[in-house]
Each structure stands twice: as C-alpha cells, then as structure tokens.
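> Following this message is one structure expressed as structure tokens.
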Amino acid sequence: MNTSLSDNCFTNQVVSEILIGLRDGLTRFSGPSRVAVIYRLKIDDEYYICDPAGLLRGHDTKIRAALFDEDNRPVSILHHLSDKHYSHIDRVEDLELDGIISVGGQSGPVPYQMWFTDHHPEILSTGPSQRWLEHAALRFSHDVANERELYSGISGRFLREYATHAVHDHIVHELKRSNQLDNPNSFSVYQILGGILAISRTREELKSPHGELAFILPEHIDSIDFMARFHEAEQPQLDNHKHVRKLLQAVQKFRNRLVSDGRQILGIARGRIDHFHLTADFQGLYGFLRVNDQSICSFADGAYSSATHQAKLFQVEEALLDYDMDSSIRSSLFHIISSIIHYGETENFGCAVVLDLNRPITHIAGQNLSQPLDLERSNLLDLACDLARVDGALQIGSDRKLHRFACLFDGPAIGNEDRARGARYNSALRFTACHPDTVIIVVSADRPVSVIRNGHEYVTMVSATNSTGGVEPEVLKNWLKTVD
C-alpha cells in the first residue's frame with residue numbers, strides 16, 4: 001500500500017523543515033554542514049530519501065546493500081512497532097558511511113528513519129551531533145504521529161537552536177552509560193551548563209577567566225581529596241557567577257581546580273578524579289567542556305560548539321594532496337606549517353606562510369638568508385615561529401627550508417578581492433594569481449585560517465555545496481538509479 005499524495009505533501013513539509021533546521025543548527029555548532037535522511041512511513045511502503053546537498057553521493061553501494069535484497073526489494077521491517085508510542089524509538093544499526101555521522105531508529109509512526117550529517121575531520125567529539133540526530137528522529141516521529149491537524153511546525157526551529165540541549169543530552173547519555181543516574185535530580189546539568197557560559201562571560205579586572213572547575217555527583221564528593229574545603233555554611237553558590245569568577249583566580253596555575261556538586265563550590269582539589277565528573281576548562285575568551293577527561297565541546301561568546309579553537313588545517317592537507325610529492329615530504333611540510341600557524345594562534349598574532357613548490361623558488365621581496373633554515377630541525381622551526389611575528393610572510397620551499405621572511409606580496413588587482421578582509425589576505429590573492437604552484441596560508445588574529453591558491457581562497461566541498469534552499473524527498477530506488 002503506497003502513501004497517498006496528501007500524506008506525501010504533509011511529510012515532505014515536515015522533512016523539509018526538520019532538515020533545514022538541523023542543517024542550520026549543526027552549521028552553527030560545527031561549521032558548514034550537509035544533512036540528509038532516508039525513511040519509510042509504512043512497513044510495506046517505499047524507502048524515501050532527501051539529500052539536498054549531495055551528502056550521500058558516492059555511498060549508494062552501501063545504502064543499496066543495507067536496504068534492498070538481491071531482487072532489489074526493500075528489506076523487511078519489524079511488524080511489532082505499530083503499537084509503539086512515537087517517543088519509543090528503537091535504535092537501528094548505523095550504515096557506517098565514511099566521513100558521515102548517522103543515527104537511525106524505528107517507531108510506530110515511522111518504521112524506519114536514518115539521519116545523516118558530515119563528520120567534520122576536526123571536531124572535539126561526535127557525541128553532541130549524534131544526540132542532535134537522535135532528536136531529529138524523535139521530532140519526525142512525533143510530527144508524523146500528530147498528522148497535519150495537530151502539526152505545530154516547531155521541530156525545525158527547535159533543532160536550529162539545539163546546541164545546549166545536544167550537549168546536555170550527551171552528558172546525560174554518558175551518565176546513563178556509566179550507570180551514574182540513580183537520582184536525576186541530584187545533578188542539574190542545565191544549571192551547570194548555564195553557569196559555565198555565564199562565568200565564561202564574566203571578567204575580573206578586564207580579564208577573561210582561566211582555570212578549571214570540576215563538577216562531581218553529590219554521592220562521590222567524599223572521594224575527593226580536597227586541598228582546601230570551604231565551610232559548609234559559606235560555600236559560594238554556582239549561580240553567583242561573579243564570586244565563582246573571582247575564585248577561579250586561585251586555581252589558574254599548579255593544576256589545581258575548583259570542585260562543585262553542581263549547586264555550590266565546595267573547595268579546591270588537585271589530582272585524578274576516578275568517578276564520573278565534568279570539567280569546565282576556562283582558557284580566556286574560550287574554554288573546553290570535558291566528560292571524564294574527554295573533551296566533548298568548547299564554549300565561547302555565550303554558546304557551545306564543537307570548535308577546537310585551533311586553525312582548521314584540513315584545507316592545507318587537501319591542497320597538499322593536489323601536488324605530486326613523496327608522502328613523507330607532504331607530511332613534513334604539513335607538520336611545519338601546522339607548528340607555525342598554531343604558534344601564531346597561541347601567541348595571538350596574525351601571520352602568513354608562502355609554501356612555494358616551484359623549482360627554483362620564486363623570488364619575493366623580503367629578508368633573505370645567507371643559508372636557508374632547515375625546518376626539520378626543531379630549534380630552527382622554533383626560530384621560524386618567532387620570525388612569523390615580523391610583518392610580512394615566511395617563504396618555505398618544497399625542500400622544507402625557510403628561504404626568506406618578512407616577505408611582501410605584489411601583483412595586479414583581481415576581480416575577487418574582498419575589501420572586508422585585510423591587506424595580507426588580498427595581497428595573497430593577487431600574488432597566487434600570478435604565481436602557480438604557490439600556496440599561501442593566511443591567519444589573522446581574529447579570523448580562521450585561509451588557504452589561497454591561483455587567486456582564490458581554497459573552499460572545501462562542504463562549504464561549496466551546502467544547500468540553502470528547500471528540499472524535496474524522492475523514492476530511494478529512483479535516486480539510486482541516478483547515481484549508478
């Protein structure tokens with residue numbers, strides 16, 4: 001029995017709104033993100049797919065093998081789900097597609113659904129994204145169960161703003177995995193997450209906070225070896241953000257940390273914590289949230305994200321792959337560039353690196369060296385990091401040596417310059433337009449890394465193809481034919 005046209009129109013609307021909200025939310029959390037879904041609304045109906053930005057292209061073989069039998073018929077689905085509530089979703093096996101995070105489930109209203117998004121190579125954890133996809137599955141099941149008459153249209157908007165909830169849900173997920181959630185009211189995760197953001201925005205003598213604040217389940221407090229424990233009648237409240245911010249000054253060094261039960265600040269401790277715990281590691285303008293010493297997300301500007309707060313250098317890796325060179329040379333060049341860029345980030349200064357793969361290398365106006373510096377020697381790489389402070393760019397050849405520093409770019413104006421960017425960026429556009437086989441990596445103190453080749457900024461496939469329009473599901477069999 002096939003789904004009626006009216007049902008299809010309603011489902012298409014639901015899928016479209018959920019996917020757009022999911023895409024927008026994940027893009028804020030992890031950078032430009034594509035999303036897709038495969039679903040089935042009746043146990044004997046067709047599979048449908050909605051993949052507006054081509055996320056699943058190239059994975060058709062695995063998808064076909066998982067969802068169709070040898071006669072190209074949809075695989076059977078459990079029949080006992082029809083009496084299950086929309087919120088009862090049995091997890092189904094992920095399709096395990098390379099470079100993709102996927103979460104799927106079965107419920108009474110939706111016998112099969114699988115949601116997908118990009119697995120970005122540089123994120124702190126996939127956990128919050130998985131919880132995000134799980135909630136998309138729950139919202140879809142809920143909306144299909146309500147049908148058109150009770151449809152609120154809130155799912156897409158909720159998923160767009162789901163970042164803090166995704167972090168919360170992942171912490172609760174980890175609590176359940178460790179069998180530590182006997183009394184859910186004993187650990188107010190939302191209160192903790194709100195407190196962390198508020199403290200991170202609170203300055204003391206114009207300085208952003210540094211130091212660690214650990215949260216322990218109340219039943220495990222006695223296992224902590226306190227260096228100093230505050231009197232029970234005078235324990236600062238977590239929601240007294242100004243007071244907590246002042247106390248963080250006492251644990252900025254020596255690996256000490258404040259300890260809280262999620263409501264009060266109990267004292268100061270150091271050393272290993274064996275039981276389940278959260279740690280907010282404040283590092284100035286940003287910080288990291290860890291569960292049992294594993295980072296799950298970062299926080300900055302009053303919001304949570306998956307950002308590592310280091311330059312995302314996968315564009316550099318991808319650019320190097322376009323050149324014919326030995327893998328050991330490629331790896332060494334990437335290590336050299338990464339070391340210089342991350343040093344600039346740590347020390348908070350902008351810089352530029354010219355990777356010149358021409359032979360002989362291009363002559364650039366700058367400070368020449370009588371002998372190039374061998375950057376495979378750690379002491380000379382350290383020197384190159386400090387030379388990057390000087391106005392101008394470093395020129396590094398395929399021989400992994402620094403040939404010049406304080407280099408100035410020249411070249412005629414080109415049409416795609418960006419007046420909103422600085423002189424370093426636009427000069428790099430001009431120079432690479434005139435000099436093939438040069439890659440310029442530009443890092444501004446307040447911007448992510450830009451990788452520039454042939455007069456254009458190198459753009460990854462995700463940011464180049466991310467769709468901003470509406471979406472329209474189609475029968476999965478038809479989609480598979482178009483990718484054969």
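No lab work stands behind these numbers, since they all come straight from the coordinates. Remember, predicted model here, so these are calculated numbers, not experimental data. Neighbour counts run over all protein chains shown; Cβ positions are idealised from the backbone, glycine included.
> Would region 314-447 count as rounded, prolate or oblate if I go by the C-alpha gyration tensor, calling it rounded below 1.5 in a/c and otherwise prolate when a/b exceeds b/c, oblate otherwise?
It is rounded, given that a/c, with a ≥ b ≥ c, falls under 1.5.
> Let me ask something else. Above 25 Å lies some portion of the pair distances; for region 174-305, what is it as a whole percent of all C-alpha pairs? Before the final figure, lay out the partial values.
Working: 1483 of 8646 pairs.
Roughly 17 percent, rounded to a whole number.
> Assigning unit charges at the beta carbon (Lys, Arg +1; Asp, Glu -1) and nothing else, what dipole magnitude in debye, to the nearest 20, does the chain show about its Cα centre? Walk me through the numbers before you get to the answer.
Numbers: 48 positive and 64 negative charges, 267 e Å.
The calculation lands at about 1280 debye.
> Also: Taking the chain as the region of interest, what is the percent of Cα-Cα pairs per 10 angstrom bin, listed from the shortest bin to the one with the maximum distance?
Once binned at 10 Å, the Cα pair distances of the chain give 4, 17, 21, 21, 20, 13, 4, 0, 0.
> At a Förster distance of 56 Å, what's the computed FRET efficiency of residue 380 paired with residue 272, Cβ-Cβ distance as r, to 0.05?
Values: r = 38 Å, r/R0 = 0.67.
Plugging the Cβ-Cβ distance into 1/(1 + (r/R0)^6) gives 0.90.
> Here's a follow-up. Which length gain, in nm to one decimal place, applies between residue 420 and residue 151 when the Cα-Cα distance is subtracted from 0.36 nm times their residue separation?
Fully extending the segment from residue 420 to residue 151 adds 92.5 nm.
> If I stretch the segment between residue 88 and residue 72 completely, what's the gain in nm (0.36 nm per residue apart, minus their alpha carbon distance), one decimal? Don't skip to the answer; put the middle values down first.
Numbers: separation 16, 0.36 × 16 = 5.76 nm, distance 2.97 nm.
Length difference between fully extended and current span is 2.8 nm.
> Right, next: In whole angstrom, note down how far apart the Cα centers of region 382-404 and region 102-150 are.
Each part reduced to its Cα centre gives a spacing of 47 Å.
> For residue 235 and residue 348 in the same chain, what is the full-extension length gain: residue separation times 0.36 nm, less their Cα-Cα distance, in nm?
Extra length available between residue 235 and residue 348 comes to 37.0 nm.
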